[in-house]
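Heads up: the structure comes next, in structure tokens.
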Amino acid sequence: MRLFQNSGLYPSYVPRLRALVASGGARSFADQRRVFLSDRFGAAHFLQPVLAEESSAFFTNADDDVLQQTWAREHGLPADTSTEDILLAQIEHHRTEVFYNLDPMRFGSSFVRRLPASVRCAIAWRAAPSPGADFGAYHRVICNFPSILRSYEDRGWRASYFAPAHDPEMDLYAANADRPVDVLFVGGYTRHHRRRAEVLEAVSRLASTHRVVFHLDRSRMTRWAESLPGRCLPLARHRRPREIQEVTAEPVFGRDLYAALGQAKIVLNGAVDMAGADRGNMRCFEAMGCGAAMVSDTGNYPPGMVDGETMLCYESADEVVASVRSLLDDMPRRSSISRRGSVLVRDVYSKSSQWMAFVSIVGSIS
């Protein structure tokens, strides 16, 4: 199978990637791509042949203009070649048979209809409500949120369950026994995350007796509201509570994220309201894969992620504080939950299992 996987960059991650590329002296397309893949950003979604750099697999971030323009120059394309045309040229040059796209909002059905004849199936990952989007030309739309899959089927699209996977590089961080951070949270913060903000505020009050660290990627409006000029404006609802600000550190990505998770006894997780009661965002796989005990909000989790066995669930801000306290006071129980969670992700959600599931989906299309 000649596999082509396309992904995309999170805007807040771009400065880190540019710095890594510059420090590594990566000039060619292959070297820039290798720097990105080595940093493991988003690796839970990347298929086994991509991470193994097999010759039959091609990977790119089509929204990375620097990376894509480098490939275009190396292959003699005009400087004004569009993002879409560069991606099409890469697919044609690779002689792709299976196109797997993690960025279907940017490259929807109109793009799929332009794919070269060598492509026999196109698969899109999309794990969020997508009003107005058109994925109808894809042979299959996949994710690990059943309610979202049902919404796709209601629109006449073929959909299949497919989950993120354990990145083997996580094992290096899971093995760390020295975990000085008691409670860690890594994620976004905007005024739209009302329930998340309530939970974070409650947990931040534990900082008087425990080491609590929140690596928050603040929205532009939150940053502005908390700036000196912004404090003179009526933007209070966009600002973080003082308790949260006091435990906030800079956002972390890639291997820095793995390192942070590997330093934490407990990782706090909280879904955003986009998939109803379905749970199983990538942070679940990263936190458990890096050996932390995960405390997350109640909902319908992927098989094996069970409250009281491989993780703990909470329903309210008061309950999450009680759960965190109980785990911090009971090291044997915390160690048992973190160990079981780590083994679950490593063994059940392995890269080989993910690849077999993907091959099965392709086989059902062919």
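Here are a few things to note about the model shown:
- Applying the set (1) without any contact (Cβ under 8 Å) to a residue 60 or more places away in the chain; (2) not assigned by TED's automatic domain parsing to the domain that holds residue 325 to residue 197 leaves exactly one unmet item: (2).
- The helices (runs of 4 or more DSSP H) located wholly in the range 109-185 that include 2 or more residues which are modelled with pLDDT of 95 or more and more than 30 Å from residue 323 (Cα to Cα) occupy 109-112, 146-154.
- Single match in 120, 140 (criterion: surrounded by 19 or more Cβ atoms within 10 Å (Cβ to Cβ), of a type in the set (Lys, Arg) and in contact with a Ser or Thr (Cβ under 9 Å, 6 or more places away or on another chain)): 140
- Residues of the range 64-110 that turn out to be closer than 19 Å to residue 27 by Cα and either surrounded by fewer than 18 Cβ atoms within 10 Å (Cβ to Cβ) or among the aromatic types (Phe, Trp, Tyr) (or both), as a count: 11
- Remark: pairs (first residue in the range 306-322, touching a residue at least 24 places away in the same chain (Cβ under 8 Å) and more than 17 Å from residue 205 (Cα to Cα); second residue assigned to a loop (DSSP other than H, G, I, E, B) and aliphatic (A, V, I, L, M); Cβ separation under 9 Å; 6+ apart in sequence or on different chains) = 311/305.
- Looking at 126, 158, just one residue is surrounded by 14 or more Cβ atoms within 10 Å (Cβ to Cβ), over 18 Å from residue 281 (Cα atoms) and charged (D, E, K, R), and that residue is 158.
- Any pair with Cβ under 8 angstrom, 6 or more apart, that starts in the range 141-161 at a residue that is farther than 18 Å from residue 112 by Cβ and ends at one that is hydroxyl-bearing (Ser, Thr, Tyr): 144/161; 146/161; 149/160; 149/161
- Filter result (closer than 21 Å to residue 276 by Cα, of a type outside the set (Val, Ile, Thr) and in contact with a strand residue (DSSP E or B) (Cβ under 8 Å, 6 or more places away or on another chain)) within the range 151-192: 152, 153, 157, 158, 159, 160, 161, 162, 187, 188, 189
- Restricted to the range 192-216, and to residues there that are surrounded by 15 or more Cβ atoms within 10 Å (Cβ to Cβ) and not in a helix (DSSP H, G or I), the residue that is farthest from the chain's Cα centre (by Cα) is 210.
- When 270, 291, 308 are checked against the criterion of being touching a helix residue (DSSP H, G or I) at 6+ places or on another chain (Cβ under 9 Å), buried (at least 21 other Cβ atoms within 10 Å of the Cβ) and on the phi > 0 side of the Ramachandran plot, 291 stands alone in meeting it.
- The range 268-291, residues that are among the small types (Gly, Ala, Ser) and farther than 18 Å from residue 206 by Cα: 271, 275, 276, 277, 280, 287, 289, 291
- Only one of the listed residues (361, 337) is among the hydrophobic types (A, V, I, L, M, F, W, C), surrounded by 14 or more Cβ atoms within 10 Å (Cβ to Cβ), assigned by TED's automatic domain parsing to the domain that holds residue 122 and touching a strand residue (DSSP E or B) at 6+ places or on another chain (Cβ under 8 Å). That residue is 361.
- Restricted to the range 1-99, the set of helices (runs of 4 or more DSSP H) holding at least 1 residues that are under 24 Å from the mean Cα position of the chain (by Cα), modelled with pLDDT of 95 or more and acidic (Asp, Glu) comprises 29-39, 65-74, 83-94.
- Residues within the range 107-157 that are basic (Lys, Arg) and farther than 30 Å from residue 305 by Cβ, tallied: 3
- Residue check: residue 145 meets all listed conditions (1) assigned by TED's automatic domain parsing to the domain that holds residue 338; (2) of a type outside the set (Lys, Arg); (3) crowded, with 17+ Cβ neighbours inside 10 Å but one, namely (1).
The values are calculated or read from the model by the stated rules, or taken from the named source; none is laboratory data. Just so we're clear, the structure is a prediction, and the values are computed from it rather than from any experiment. We place every Cβ from the backbone using ideal geometry, glycine too, and count neighbours over all the protein chains shown.
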